[in-house]
1. Listed residues SER198, SER259, SER205; which is in a loop (DSSP other than H, G, I, E, B), outside the structural domain of VAL56 (by TED's automatic domain parsing) and either surrounded by fewer than 16 Cβ atoms within 10 Å (Cβ to Cβ) or β-branched (Val, Ile, Thr) (or both)?
2. Output the number of the condition that LEU110 fails; it satisfies all remaining conditions of (1) surrounded by fewer than 20 Cβ atoms within 10 Å (Cβ to Cβ); (2) within 18 Å of TYR41 (Cα to Cα).
3. Scan the range 94-114 and give yes if some residue there is part of a loop (DSSP other than H, G, I, E, B), touching a helix residue (DSSP H, G or I) at 6+ places or on another chain (Cβ under 7 Å) and aromatic (Phe, Trp, Tyr), otherwise no.
4. Against the conditions (1) in contact with a Gly (Cβ under 8 Å, 6 or more places away or on another chain); (2) among the acidic types (Asp, Glu); (3) modelled with pLDDT of 70 or more, where does ASP78 fall short? Just the number, please.
5. Picking from GLU275, GLU252, which residue would you name as being in contact (Cβ under 8 Å) with a residue 60 or more places away in the chain and either in a helix (DSSP H, G or I) or closer than 12 Å to MET228 by Cα (or both)?
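The values are calculated or read from the model by the stated rules, or taken from the named source; none is laboratory data. A quick note: this is a predicted structure, and the numbers were derived from the prediction, not measured. Heads up, the Cβs are rebuilt from the backbone with ideal geometry, glycines too, and the neighbour counts pull from every protein chain shown.
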Amino acid sequence: MKATIENIRIAEKDRSYNSYVLKQSIFDDYWHYHPEIEITYIVKGEGIAFIGNKTVEFRPGMAFLLGPYLPHNFVSTDEEDVVMEKECWGLQFTQEWLNSFKESSALRRLFNAMSFGIDLGILNDKEHHAFETIVGNDPLRSIGAFFNLMAMIAERPEFNTVSTNSAYSNVMSQKISQRMERVSKYIQDHYQNPITLSEISDVASMTEQSFSRWFRQTSGLTFVDYLMQLRTTVASNLLVNTNKAMTEVAAESGFNSSSSFNRAFLKIKGCSPREFRKNRTL
């Protein structure tokens, strides 16, 4: 996983927006951000999305609207299953292009929310059809479908925002981005094992005190809270999609005891792991 500012170069394509279809064996996106707005639609595959200072599970049919400069990446939780193809559709467009539509109160409300990232949930049939038309090869139908999709999203009664921090901007330096790359990759590669503050500070080439301050300023979370969110999200996925015992789920998610697993899960999810599994499998 690399961390960098992604240059989409929409203007060089002489288009106000860019759409794509991505097919691969796993989702292993790199931690990145860019000045464009993006909608990511998961067609096949499941895993964890890192959006701003939060983690959230994703599964087929879900979509996310990401504001400018909001750090994000999507990672499979079923990496061993390389036989099943993963697929996502994407749409990227500039804020300037939509500024001319700001007289719409619904769009203004959407603009304010997208800086936190919006979990659009499972798209309905009309939204799916619009997205399918957008990633097609007919430019005229595509642009019509784009405005139709944006209107349907903007007219939703409420938005499920993801990140609690919207204070991301284009001032994030390449040095900071590269450091976050190393830290994020290390955490994702080693979350199943104990990770000490001293250990992760060494990865960032910083003192423990400097690292703690820097990580909170950059991600909006303390290192411990970030790690607990990741482990809890992994555990949630295992609870819903496997029949593994609670002790196995805890161990595979990086918790060293059942008590620490239950305590962290209750704090972040608001219920016990057993209650979570029961409610999700009814």
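1. On the way: SER198 fails: in a loop (DSSP other than H, G, I, E, B); SER259 fails: in a loop (DSSP other than H, G, I, E, B).
Result: SER205 is the single residue among SER198, SER259, SER205 that is in a loop (DSSP other than H, G, I, E, B), outside the structural domain of VAL56 (by TED's automatic domain parsing) and either surrounded by fewer than 16 Cβ atoms within 10 Å (Cβ to Cβ) or β-branched (Val, Ile, Thr) (or both).
2. (1)
3. Yes, that holds for at least one residue.
4. (3)
5. After ruling out the rest, the residue left standing is GLU252.
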